[in-house]
Ligand code: ADP
Ligand code: DP6
Ligand code: CO
């Protein structure tokens, strides 16, 4: 980072969201963010649901500051502090190794981050947000290499957004979390026909954030314990294999079952947590009816911690399925544009279904 004038040094980056097809829900270590099971996700295209973050570094800044969607956030939040501390630690190490890029380490940063989709609505804003934060800080301070272990300390799901395509977050077994990192399973180019549609049933903030929701689940749900110990390990292998073979019916069935078991674990939490709405239930029924009609699995759904549906299908079925969705959930009275288009690959966005 050049230090020779008073202008801030600026870096801008974008990071896409990822949607888990084998869900992460539950931590074994709250501070390091170590999960109770491995998970696997698909990262969307860079130009779809994404976070854009600009980091400014200047010797004139008095303190680190962060604005999210135009509003200043509390930078003392432990997760933000972990990310800042870890990036600066790596930058210092690089400098000690004789790399000149990482000057200005004592300088403070001003960070501006914007999500182009609803924040905290169950569309993985924390994943894109922290992946983008860590990546832009690394660029600003000249840090390279696998940064998924740092992104993980911002938000667990963020480690998977550091890579494109199909990505696994290995739970790891070390106490220091050094082996709890993300790894690409297959690149995005592996399965070009796969499409992802996002149906936004509600853009509202979810009533219970992922962090506290999963905390209560770990404390109270026996189903979650069973899932983490006995169901997910086998499913991870089956899912990896289904993706490798591009076997859509197998991929789809595992995806739907895993989403359902995650939401069942939420219901098994005490007091229970409900992220799905009646619209979500209608979408679930619609997908099963659609598949039954054709006698084969053409479409799958997955829901994160919110009512919004993520639909997986093959390119050839997109036009018809979009029509079916539009028939059952017509555009709202404001004539709100229903389809904005997306990928691994096409997403469909609407305001309220
Ligand atoms: P989501 O389902 O959207 O991931 P979470 O409850 O997991 O919801 O996380 C939402 C929180 O993530 C926000 O309240 C905020 O603290 C953090 N977050 C979201 N976007 C960003 C961003 N771009 N930069 C930094 N933090 C973010
Ligand atoms: C349902 O990564 O948002 O989306 O680690 O506490 O920040 P924290 O939680 P977060 O949880 C994501 C949960 C999920 C499933 C998933 O993405 O795997
Ligand atoms: Co999140």
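Read the figures in this text as sums done on the coordinates, not as results from a lab. For clarity, every value in this text was computed on a predicted model and none was experimentally measured. Neighbour counts are summed over all protein chains in view; Cβ atoms, including those assigned to glycine, are modelled from backbone coordinates with ideal geometry.
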Quiz prompt | Hydrodynamic radius (Kirkwood) for segment 76-125, which is based on Cα pairs only, to one decimal in Å | solution = 13.3
Quiz item: Between Rg and the Kirkwood Rh of segment 39-80, both from Cα atoms, what is the Rg to Rh ratio?
Solution: 1.08
Quiz item: For segment 171-271, what is the largest minus smallest coordinate of the Cα atoms on each principal axis, given in angstrom and ordered from greatest to least?
Solution: 41, 39, 23
Quiz item: Relative contact order, percent, of the chain when contacts are C-alpha pairs under 8 Å separated by at least 6 residues?
Solution: 21
Quiz item: Can you tell me the Rg and the Dmax, both Å, for the Cα atoms in segment 39-182?
Solution: 15.0, 44
Quiz prompt | Principal axis dimensions, largest first and in whole angstrom, of segment 125-181 by Cα | solution = 32, 21, 18
Quiz prompt | Most mobile listed residue (139, 323, 153) in the chain, GNM with C-alpha springs under 10 Å | solution = 323
Practice problem: Could you tell me the convex hull volume per residue, in Å³, taken over the Cα atoms of segment 150-200? | Solution: 89
Quiz prompt | Structure-based [θ]222 nm, the chain - -39500 (n - 2.57) summed over DSSP H runs of at least 4, per residue, nearest 500 | solution = -11000 deg cm²/dmol
Self-check item: Ellipsoid equivalent to segment 193-245 - semi-axes via the Cα gyration tensor, in Å
Solution: 26, 23, 6
Quiz item: Do you know the relative contact order of segment 129-230, to the nearest whole percent, from alpha carbon pairs under 8 angstrom that are 6+ apart?
Solution: 17
Quiz item: Which angle from 0 to 90°, rounded to the nearest 10, does the C-alpha axis of helix 318-328 make with the longest principal axis of the chain?
Solution: 70
Exercise. Evaluate the Debye formula for the chain with equal point scatterers sitting on the alpha carbons, no solvent, and hand back log10 of I(q)/I(0) at q = 0.07, 0.12 Å⁻¹, in q order, two decimals.
Key: -0.30, -0.86
Quiz item: What is the percent of Cα-Cα separations in segment 242-293 that go past 12 Å?
Solution: 72
Quiz item: How high is the FRET efficiency between residue 64 and residue 7 when r is their beta carbon distance and R₀ equals 25 Å, given to the nearest 0.05?
Solution: 0.85
Self-check item: Euclidean distance between Cα centres, segment 31-69 to segment 234-261, Å
Solution: 28
Quiz prompt | Cα long-axis angle, helix 78-96 against the chain (0 to 90 degrees, to the nearest 10) | solution = 50
Quiz item: Rounded to the nearest whole Å³, what is the per residue volume of the convex hull around the Cα atoms of segment 282-331?
Solution: 80
Quiz prompt | Base-10 log of normalised Debye intensity for segment 1-121 (one unit scatterer per alpha-carbon) at q = 0.12, 0.19, 0.22 Å⁻¹ | solution = -0.60, -1.24, -1.34
Self-check item: Relative contact order computed over segment 53-154 (Cα-Cα under 8 Å; 6+ residues apart), in percent
Solution: 41
